Structure formats: C-alpha cells, structure tokens
Amino acid sequence: MNTIVQLSYFLAAVLFILGLKGMSSPRTARKGIVWAGAGMVVATIATFFHPEIHGFGNYVLIVIAIAVAGGLAWYSGKKVPMTDMPQMVALYNGMGGGAAAAIAAVELFRALGRVGLDTQAQAQQLADQAGITLKAAEAAVSAEGGVTTSLGSAIGGDVAILGLLGALIGTVAFSGSLVAWAKLDGRLKRNSLVPGQQVVNIVVFAAAVIFGIWSFYTGSALVLLIFFLLGLLFGVLMAVPIGGADMPVVISLFNALTGLAVAFEGYVLGNPAMIIAGTVVGSAGSLLTQLMAKAMNRPLSNVLFSGFGTGASTSEEGPEGEMKEVQAEDAGIMMAYANQVIIVPGYGMAVAQAQHKIWELVELLQDRDVTVKFAIHPVAGRMPGHMNVLLAEAGVPYDMIYDMEEINAEFERTDVAVVIGANDVVNPAAKTDESSPIYGMPILNVDEAENVIVIKRGRGTGFSGVENKLFYADNCSMVFGDGQKVAGALVQTVKTL
Ligand code: NAP
C-alpha cells in the first residue's frame, strides 16, 4: 500500500508542475489550474491510505477538516468580487504558512515528549503514535541512539533543523499574510515605520533564531513555545510598516516563504508531494517577487525595510493647472477618426467591470479600420495578471494585448491613448519627480501620445495616493464617470458615426 501512496504523491507532484507550466500563459492558465487541482485531489486521497494514518477517529477528523475548509473555500471563492482577490490570495497564503507551522508544532512538540524517556518508554510511545509494532519501535529508537536528551536527538538532527526552519518561515508567513490581508481589506490602516522599528525587528528576529537553536539543544517545551511566538511576532512586525503600494510584492514574498515552509515540513513528514509542491511554490513565488519588484523599480530590500508606499511623502498640494473635461461623445469622435488607439486599463476598469463594453467599443473601432492595442502594466490592478484576466474574460484576443516593454515606444506614434481606471501606472511623476514615492517605477508612456483620454469617476488619486500631473497636461482630456457607463456612451457614439 505504501508504494501506491508514494506513487500517488509522485503523480500529484507531476500534476503540480504541469499545472504551473499551464499557468505561465493566459491561454493555458485555466487548464493549469485544473491540472494543479487534480494533483491536490490525488494527494489528498492518497493520504487516506497512508500507513501512518490509523484509527477511525483520525479519519473522521480529516473528513471534518476537508468538509469545513473545502466548504468555506468553495463559498468564498464563488462569492469574492474580482476586486477583492488580492485579500483572498493573502488570506489563503497565510493559511498555507499556518498549516506548515502547525505541522511543525505537532511534530516538534511530539518529539519533545520523547526527550528524557528511557528506551522502553520511548519505544512504547513511538509504537502508540505511529501505529507500528513495539518491536519495530524498539528497533527505531535504538537506531536513533537510545535515551534522548534534546529535540535534536529525539527527532534526528536534519529533521529537527528543517522542522525548526519551516516553523520559523511558516509562522512569519502566517502572521505577515494576515496583516497584509487586514491592510488590503482596509481593516488595518497603520503603515508607517516608527523610529527604531527596524532595530526592534532585527532584535525579534535574532531572538527567534536564538530560541530556535536553543530548542534544538534542549528538551524544553517553553523554549520551543517562545520560539513559535517570536516567529509570529516577527511576521506582524515585518508586515505592519509596509505600505499599500508595496503589498503585492510582499504577498508574493510571503507566498514564496509559505512554499519553502511546506517543503521543509514535507521533509519532516517524509512526504515527497509536499517537498515538490513546496519547492515549486517557493521558486515560482521568488521569481514573481523579483519580477514585481523589478516592475516597480524597487530592490526587495527597499520594499521590506524602507516603509515605502506609506504615502508619507505624498505632496499635499495638487499639481498646478486645470483638468480639461470633455463629454464621452467628443472622446468617441476622437477615437473613431484616429489611426491608432492604445487602451490602458487599470484598477478602475475592474471596479466598473467595464471590460465587456470596452471590447464592444474596440470591435466597433476595428470595423472603422482603427488599429487598437491594449497596453498592460505589470502592476496594473490589484494582483499580477489582473488586467489580462479581465480582458480574457471579455474575449479580447491575446495578440492585441502588449506588455509595457513591448508597447512603450509606440505611444509617441499613437493618436489617442485611452486610460480607463488607471492612475499610478501612467503617472509621469514616476519619471520626473525625484521626491515622489513612486519615483523610479517604470510607467506606460501615455503622456507621449498625441491625445490622451482619461476615464475615471472624479479627482481621486490611485493606490499610492500620489497626485497625477498627466490629468492636467495640455494633450489630456478627462471623461468623468463610472468606467462602464462611459464605455457604454462611447459605444453609442461610435455606432452613430
Ligand atoms: P490605481 O492607481 O489604483 O488607480 C485606479 C483609478 O481608478 C483611481 O484613480 C480611480 O479614480 C479610478 N476608478 C476607481 N473606480 C472607478 C470606476 N468605477 N470607474 C472608473 N474609474 C474608477 O490603479 P492602477 O493604475 O491600475 O495602479 C495599480 C496600483 O495598485 C499601483 O500602485 C500598484 O502598485 C498597486 N497594486 C498592484 C497590485 C498588483 O499586483 N497588480 C496589487 C496591489 C496594489 P476615481 O476614484 O477618480 O474614479
């Protein structure tokens, strides 16, 4: 039976990797999710047949856990609006880190129970816990060296080290992700660095490491408990000062940490599916973190330690000049008679759910021989790939969608750039104003187009809270209103021409 279980875990790992491969392109992403989901089903079913799981009570517990967690995930997954997706990702990620930390807690505290016992008592305990014969347990205990005096000797040096590392990373990812969730959900507002906070963070982290090492060499449950609590505290302290604009990068980092913690705990449990899945998540998360930090032109160290994105240095005064307001009809005429139009969607398009109307508008423009392209900034919206998902949902072909690097040089040859619900990702302050918190972030060069039309509800700032001079530029016209309504009005206008 064990061979079948191990083969199933291997199959699950292969499915996870295929799933991840599928998710690397919008065309195959849906299939990728299904593959990865199938892998999870295989791994879960295999666990029921694992030789170490025994006793009716344990099966009942597993079924209850699956029913409750699966039910909640199903319900919340169905209900969550697209705009709240980042919070959900943060929350689920936190659960992954928490689960890894919980596994570490169970295994490490259980091993502590064997510290100081004589060989016979240890063997009896091992036999009860693992459901193996007393003889096999005795052999295992004497192979590990008889009477144990510390966590390290009770569970084995390598297992203890990886278990402790996984516990530290898992607790940090758990509490840090919960703080990220609370911030993205608007439940926690404080996000500035208090003086000396970095020193406190370093002290807490160092203390956690010291208690971890101490746990390894002692059999004290109190030391181990303090180690876990310090990990949780460090996660909170690490995430609290990080500002909203940096949250996506941080969530991605916690995601990578969760993967790593799962992989370490997989080693502790001797579970290859967990090791492979955790490593895959860890490396994919690390790459994503790097890519996002690069897209915001911010080294990761700066994201984590500078308190950027807190909005602290946002200018109080708005830019000089007036915004030029035009009606949707005028904007529609401008687009209909253009040679090339580039559409730049942002978070507001998601809020307004305007993607379907925008696609209808694009089809009408194409019928008039206008060349239309979509330009996507890597951090537009509120999660990686947010805009791609919305456009795919509306049926926009992939070959009309361009990444920032591919399209930025084209704006200067474009008649009309249409910005719908985007703000930070087109803010020229990122290029010109060294005092701006978003300075250095690469942006879409819409300001270089001959005409810019911006569709938004009012004078609200974007996610970073920074004013946008683009809206005051001579070549820029504002169409105020909800994205979907304005897109609808544009469709009507173009139809009548
Ligand atoms: P943004 O800077 O947040 O601006 C969105 C704009 O949409 C707002 O100025 C708002 O102005 C407008 N808006 C809101 N509701 C609207 C509606 N119903 N109809 C029309 N307009 C509406 O968005 P962005 O340019 O996409 O930039 C993304 C920002 O989010 C970046 O700062 C990025 O770092 C951050 N972020 C990204 C991620 C990610 O992974 N992509 C995750 C978290 C945070 P009005 O209020 O005036 O309408």
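The values are calculated or read from the model by the stated rules, or taken from the named source; none is laboratory data. Just so it is clear, the structure is predicted and the values come from calculations on it, not from any experiment. As a convention, Cβ positions derive from the backbone with ideal geometry for all residues, glycine included, and neighbour counts pool all protein chains shown. Ligands, DNA and RNA are excluded from the accessible area calculation, which covers all protein heavy atoms including side chains. Shrake-Rupley method; radii C 1.70, N 1.55, O 1.52, S 1.80 Å.
Quick notes on this structure:
- Checklist (1) open to solvent by 40 Å² or more (accessible area, probe 1.4 Å); (2) assigned to a helix (DSSP H, G or I); (3) of a type outside the set (Gly, Ala, Ser) applied to Pro195, failing item: (2)
- Selection of the range 260-285 for residues being over 13 Å from Ala13 (Cβ atoms), assigned to a helix (DSSP H, G or I) and either over 11 Å from the mean Cα position of the chain (by Cα) or among the hydrophobic types (A, V, I, L, M, F, W, C) (or both) yields Leu260, Ala261, Phe264, Glu265, Tyr267, Val268, Leu269, Gly282, Ser283, Ala284.
- Filtering Gly70, Gly22, Gly55 for residues that are open to solvent by less than 60 Å² (accessible area, probe 1.4 Å), at pLDDT below 95 and under 25 Å from Asp128 (Cα atoms) leaves a single hit, Gly55.
- Breaking point among (1) within 14 Å of the ligand (Cβ to nearest atom); (2) open to solvent by 20 Å² or more (accessible area, probe 1.4 Å), for Ala473: (1)
- Qualifying positions in the range 472-497 - under 37 Å from the mean Cα position of the chain (by Cα) and assigned to a helix (DSSP H, G or I): Tyr472, Gly483, Gln484, Lys485, Val486, Ala487, Gly488, Ala489, Leu490, Val491
- Scanning the range 331-356 for residues that are closer than 18 Å to Gly458 by Cα and outside any strand (DSSP E or B) returns Ala331, Gly346, Tyr347, Gly348, Met349, Ala350, Val351, Ala352, Gln353, Ala354.
- If only residues of the range 243-267 that are within 23 Å of Ala160 (Cβ to Cβ) and open to solvent by 20 Å² or more (accessible area, probe 1.4 Å) are counted, the one that is nearest to the ligand (Cβ to nearest atom) is Leu257.
- In the range 54-93, the residues that are part of a helix (DSSP H, G or I) and within 16 Å of the ligand (Cβ to nearest atom): Met82, Thr83, Asp84, Met85, Pro86, Gln87, Met88, Val89, Ala90, Leu91, Tyr92, Asn93
- Residues located in the range 334-363, provided they are more than 13 Å from the ligand (Cβ to nearest atom), within 22 Å of Lys485 (Cα to Cα) and open to solvent by 40 Å² or more (accessible area, probe 1.4 Å): Met334, Tyr337, His356, Glu360, Glu363
- Selection status of Val454, closer than 15 Å to Gly348 by Cβ and within 11 Å of the ligand (Cβ to nearest atom): yes
- Among residues of the range 324-339 that are at pLDDT below 95, none has a beta-carbon under 9 Å from a residue that is β-branched (Val, Ile, Thr) and part of a helix (DSSP H, G or I) at least six positions away or on a different chain.
- Within the range 389-405, the set of residues being open to solvent by 60 Å² or more (accessible area, probe 1.4 Å) and away from the ligand (no atom under 12 Å from the Cβ) comprises Glu393, Tyr398, Asp399, Asp403, Glu405.
- When residues in the range 433-467 are screened for being open to solvent by 60 Å² or more (accessible area, probe 1.4 Å) and under 20 Å from Asn302 (Cβ atoms), 4 of them pass.
- Options Arg187, Arg114: the member that is of a type outside the set (Asp, Glu), within 24 Å of the chain's Cα centre (by Cα) and either outside the structural domain of Gly278 (by TED's automatic domain parsing) or part of a loop (DSSP other than H, G, I, E, B) (or both): Arg187
- Scope the range 406-432; condition open to solvent by 10 Å² or more (accessible area, probe 1.4 Å), part of a loop (DSSP other than H, G, I, E, B) and within 15 Å of the ligand (Cβ to nearest atom); matching residues: Gly421, Asn423, Pro428
- Given (1) within 12 Å of the ligand (Cβ to nearest atom); (2) farther than 28 Å from Asn339 by Cβ, index of the condition Gly440 fails: (1)
- Number of the exception - Leu61 against (1) over 29 Å from Asp128 (Cα atoms); (2) open to solvent by 70 Å² or more (accessible area, probe 1.4 Å): (1)
- Selection status of Arg382, among the basic types (Lys, Arg), within 11 Å of the ligand (Cβ to nearest atom) and in the same structural domain as Arg457 (by TED's automatic domain parsing): yes
- Any chance Phe463 is in contact (Cβ under 8 Å) with a residue 40 or more places away in the chain, part of a loop (DSSP other than H, G, I, E, B), among the hydrophobic types (A, V, I, L, M, F, W, C) and within 14 Å of the ligand (Cβ to nearest atom): yes
- Among residues of the range 388-405, those that are closer than 23 Å to Val452 by Cβ, in a loop (DSSP other than H, G, I, E, B) and not β-branched (Val, Ile, Thr), counted: 0
- For Val494, the conditions (1) buried (at least 18 other Cβ atoms within 10 Å of the Cβ); (2) within 16 Å of the ligand (Cβ to nearest atom) all hold with the exception of (2).
- In the range 357-377, the residues that are part of a helix (DSSP H, G or I) and either without any contact (Cβ under 8 Å) to a residue 60 or more places away in the chain or not assigned by TED's automatic domain parsing to the domain that holds Tyr398 (or both): Trp359, Val362, Glu363, Gln366, Asp367
- Among residues of the range 472-493 that are more than 26 Å from Ala429 (Cβ to Cβ), those with a beta-carbon under 7 Å from a residue that is open to solvent by 10 Å² or more (accessible area, probe 1.4 Å) and acidic (Asp, Glu) at least six positions away or on a different chain give the pairs Val491/Glu360; Thr493/Glu329.
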